[in-house]
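*Asks:* Okay, here's the structure, questions in a sec.
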């Protein structure tokens, strides 16, 4: 148990930029004081990640004028002081890292859709990029699996398979494949590759004998002890430990950085705070907020190369994270075009543009990833591409965040003709409480209304959903901070990290164009009453500021549902934000997506090109997404 923290320094060592934040306790609450950043220095010519950390922290010092004799120093003799006398330094220093490519793993399971999928969930939840999933039923020949392991050179492998007390044959065969590959780690060639075994406990001796001295074998609890239950915690903890001991220890300067990350316990004794993978830390703060507030959360971080989606759903607070490693806004922007098709991008563009011009813009962004939009048209095109990247990443997440496959349960009469009783997605947009966006295209959009519209068009929230964005991407630092002080992490998350955009009201279902979709009555704080019957296919924005609330009576029409059933009225309290209340009556309906080759959800958008452009301009004007002159 840590002592009461008065000041906390937290850094995130990204692949290109190292960010530092200083948090202090002011009165009874923790607040962000300043933020600094500097280029990451893990690569040549510096080859020492701590130089970038010190540069970022030095900027923090300059911003708070902390160099005076009577003030508390952060840096002393090229180290970060966490003193015991309380005279110098900060009370705690914590850090996350994705420098050097982050944590790259392979996982293996006997059945791909069961133990293989559970192993993938454990690795993704720990903040890893899963490079491949090996399984006994993946239809690859043994030599192909061996070649795959040698080619990918992961940081570690997670091996699972079989329930406790079940057959051991197949998981031992997977161990033999790993042994035959004789894999070498990506970093630190003189070290053995870490392999975590989290499968059938009856196979431990056989696995130990098979892998022998070829790998650094770590044994932990089975991630699927019985078909009906996952036990991912022990495997995730081992992944974190090995990330510190093997991956981080081999990267230039990380041993020194690990010695800095520490705090005092209640007895004044120094204790280390493990460095966490950046995505794992973001997942940690999502889980912490969901647990404390007892809410369901979806979060997204869209970057230049990858898009991470996080979710916490159901009463059991089931956490899932997925990495769409081929969907991003710079390095991977061409993959977005290839995955979704030119027509799906153009459906969000409110003007005419030749396909060749859009393709050229996408290719230029890929070869010059640090450029930002200069013209209004370029900004609109980039945000249209972002909608598709987010949509595809979320579709992948919904396919992964499912109930456990292979389980049996009692079926209801209504399910008698159902094709499947397991493996169904647990993502329920109607019960979702808050949707949080992060990443450059969302956090740094010129207008917050643009962020709101991108998230609504991409995720299609249903019912009543709060919207927010990460102001300056400090969720990783807050995630690792939550391991030593949930109070500090959650207070800064709520007060300084999140920018509340407002609330989206979106009836689910389909009406005929021109028919009425929603009766709305909202009592605003100034006494004004907004009352309107809104037709199908419209969007409205009602101003309601940050911290303000309004009582609302909502009655869906035409067979639509706002959360209480078709045509059932709801009385509720709505929260405001930068954009206020957004009403979206474009409906939500299932359709078969030819590109994805599966059923998915869509909102009403006219098929005809001219009508679609008119509708887009009307919606964008209603939400004040762009200046009027841009849309004229």
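The values are calculated or read from the model by the stated rules, or taken from the named source; none is laboratory data. Only a predicted model underlies this, so the values are computations on that prediction, with no experimental measurement involved. Note that we place each Cβ from the backbone using ideal geometry, even for glycine, and neighbour counts take in every protein chain shown.
*Asks:* Might you check whether a residue that is out of contact with any helix residue (DSSP H, G or I) (no Cβ under 9 Å at 6 or more places or on another chain) and modelled with pLDDT of 90 or more occurs anywhere in the stretch 214-226? Full working, then the answer.
*Replies:* Filtering the stretch 214-226 down to residues out of contact with any helix residue (DSSP H, G or I) (no Cβ under 9 Å at 6 or more places or on another chain) leaves 226.
Restricting the remaining residues to those that are modelled with pLDDT of 90 or more gives 226.
There is at least one residue in the stretch 214-226 that is out of contact with any helix residue (DSSP H, G or I) (no Cβ under 9 Å at 6 or more places or on another chain) and modelled with pLDDT of 90 or more.
*Asks:* Considering 123, 175, 203, 198, which residue is outside the structural domain of residue 396 (by TED's automatic domain parsing), surrounded by 24 or more Cβ atoms within 10 Å (Cβ to Cβ) and closer than 22 Å to residue 325 by Cβ? Give the derivation first.
*Replies:* On the way: 175 fails: closer than 22 Å to residue 325 by Cβ; 203 fails: closer than 22 Å to residue 325 by Cβ; 198 fails: closer than 22 Å to residue 325 by Cβ.
Matching residue, one of 123, 175, 203, 198: 123.
*Asks:* Given the criterion more than 30 Å from residue 386 (Cα to Cα) and buried (at least 21 other Cβ atoms within 10 Å of the Cβ), identify the matching residue among 238, 256, 269, 208. It would help to see each step written out before you state the result.
*Replies:* Numbers: 256 fails: buried (at least 21 other Cβ atoms within 10 Å of the Cβ); 269 fails: buried (at least 21 other Cβ atoms within 10 Å of the Cβ); 208 fails: buried (at least 21 other Cβ atoms within 10 Å of the Cβ).
One residue alone meets the criteria, 238.
*Asks:* Please work out which residue is farthest from residue 375 (Cα to Cα), limiting yourself to the stretch 603-618 and to residues that are touching a helix residue (DSSP H, G or I) at 6+ places or on another chain (Cβ under 8 Å) and touching a residue at least 12 places away in the same chain (Cβ under 8 Å).
*Replies:* Looking only at the stretch 603-618, we keep the residues that are touching a helix residue (DSSP H, G or I) at 6+ places or on another chain (Cβ under 8 Å), and these are 603, 605-606.
Filter again for touching a residue at least 12 places away in the same chain (Cβ under 8 Å), leaving 603, 605.
Details: 603: 28, 605: 26 Å.
Of everything passing the filter in the stretch 603-618, 603 is farthest from residue 375 (Cα to Cα).
*Asks:* Going through the stretch 9-34 one residue at a time, which ones are without any contact (Cβ under 8 Å) to a residue 24 or more places away in the chain and either outside any strand (DSSP E or B) or surrounded by 16 or more Cβ atoms within 10 Å (Cβ to Cβ) (or both)? Outline the logic, then answer.
*Replies:* Going residue by residue through the stretch 9-34, those that are without any contact (Cβ under 8 Å) to a residue 24 or more places away in the chain are 17, 24, 26-28.
24, 27, 28 - these are the residues of the stretch 9-34 that are without any contact (Cβ under 8 Å) to a residue 24 or more places away in the chain and either outside any strand (DSSP E or B) or surrounded by 16 or more Cβ atoms within 10 Å (Cβ to Cβ) (or both).
*Asks:* Looking only at the stretch 218-230, which residues are in a loop (DSSP other than H, G, I, E, B) and within 16 Å of residue 203 (Cβ to Cβ)?
*Replies:* Step one: of the stretch 218-230, the residues in a loop (DSSP other than H, G, I, E, B) are 220-225, 227-228, 230.
Across the stretch 218-230, the qualifying residues are 220, 221, 222, 223, 224, 225.
*Asks:* Limited to the stretch 126-148, what total is found for residues that are closer than 19 Å to residue 102 by Cβ and either without any contact (Cβ under 8 Å) to a residue 12 or more places away in the chain or surrounded by 24 or more Cβ atoms within 10 Å (Cβ to Cβ) (or both)? Explain how you work it out, then say what you get.
*Replies:* First, pick out the residues of the stretch 126-148 that are closer than 19 Å to residue 102 by Cβ: 126-133.
Filter again for either without any contact (Cβ under 8 Å) to a residue 12 or more places away in the chain or surrounded by 24 or more Cβ atoms within 10 Å (Cβ to Cβ) (or both), leaving 126-128.
Final tally of qualifying residues: 3.
*Asks:* Continuing with the same structure: Can you find, within the stretch 35-47, the residue that is nearest to residue 15 (Cα to Cα) among those that are buried (at least 17 other Cβ atoms within 10 Å of the Cβ) and in contact with a helix residue (DSSP H, G or I) (Cβ under 7 Å, 6 or more places away or on another chain)? Explain how you work it out, then say what you get.
*Replies:* Let us first name the residues in the stretch 35-47 that are buried (at least 17 other Cβ atoms within 10 Å of the Cβ), namely 35-38, 40-42.
Then drop every residue that is not in contact with a helix residue (DSSP H, G or I) (Cβ under 7 Å, 6 or more places away or on another chain), which leaves 36-38, 40-42.
Details: 36: 16, 37: 13, 38: 11, 40: 7, 41: 9, 42: 8 Å.
Ranking the candidates gives 40 first.
*Asks:* Where the second residue is assigned to a loop (DSSP other than H, G, I, E, B) and modelled with pLDDT under 85 and the first is over 11 Å from residue 216 (Cα atoms) and lies in the stretch 174-189, which pairs have Cβ atoms under 8 Å and are six or more apart or on separate chains?
*Replies:* From the stretch 174-189, the pairs are 179/212; 187/251.
*Asks:* How many of the residues making up the stretch 293-305 are farther than 13 Å from residue 434 by Cβ and touching a helix residue (DSSP H, G or I) at 6+ places or on another chain (Cβ under 9 Å)? Steps first, please.
*Replies:* Kept after step one, since they are farther than 13 Å from residue 434 by Cβ, are these residues of the stretch 293-305: 301-305.
Checking which are touching a helix residue (DSSP H, G or I) at 6+ places or on another chain (Cβ under 9 Å) leaves us with 301-304.
Here the count works out to 4.
*Asks:* Test each condition in (1) under 30 Å from residue 174 (Cβ atoms); (2) out of contact with any helix residue (DSSP H, G or I) (no Cβ under 7 Å at 6 or more places or on another chain); (3) modelled with pLDDT under 90; (4) buried (at least 23 other Cβ atoms within 10 Å of the Cβ) for residue 118 and report the one that comes out false.
*Replies:* (3)
*Asks:* Something else: Outside any helix (DSSP H, G or I), without any contact (Cβ under 8 Å) to a residue 12 or more places away in the chain and more than 30 Å from residue 13 (Cβ to Cβ) - does that describe any residue in the stretch 231-240? Step through it out loud before you land on a result.
*Replies:* Pass one, the stretch 231-240, residues outside any helix (DSSP H, G or I): 231-232.
From what's left, without any contact (Cβ under 8 Å) to a residue 12 or more places away in the chain: 231.
Next cut, more than 30 Å from residue 13 (Cβ to Cβ) only: 231.
Looking for residues that are outside any helix (DSSP H, G or I), without any contact (Cβ under 8 Å) to a residue 12 or more places away in the chain and more than 30 Å from residue 13 (Cβ to Cβ), one finds at least one in the stretch 231-240, hence yes.
*Asks:* Can you give me the ranges of the helices (runs of 4 or more DSSP H) entirely in the stretch 424-532 with at least 3 residues that are crowded, with 20+ Cβ neighbours inside 10 Å and either in contact (Cβ under 8 Å) with a residue 12 or more places away in the chain or touching a helix residue (DSSP H, G or I) at 6+ places or on another chain (Cβ under 8 Å) (or both)?
*Replies:* Working: elements: 440-443, 448-459, 475-481, 486-492.
Hits in the stretch 424-532: 448-459, 475-481, 486-492.
*Asks:* Please work out if residue 244 is surrounded by fewer than 17 Cβ atoms within 10 Å (Cβ to Cβ) and modelled with pLDDT under 90.
*Replies:* On the way: surrounded by fewer than 17 Cβ atoms within 10 Å (Cβ to Cβ): no; modelled with pLDDT under 90: yes.
Answer is no for this residue.
*Asks:* From 259, 330, grab the single residue that is modelled with pLDDT under 90 and assigned by TED's automatic domain parsing to the domain that holds residue 481. Explain how you work it out, then say what you get.
*Replies:* Details: 259 fails: assigned by TED's automatic domain parsing to the domain that holds residue 481.
After applying the criteria, what remains is 330.
*Asks:* Could you grab me the full set of residues in the stretch 255-278 that are part of a strand (DSSP E or B) and closer than 30 Å to residue 454 by Cβ?
*Replies:* Narrowing the stretch 255-278 to residues part of a strand (DSSP E or B): 262-265, 270-272, 276-277.
Within the stretch 255-278, 276, 277 qualify.
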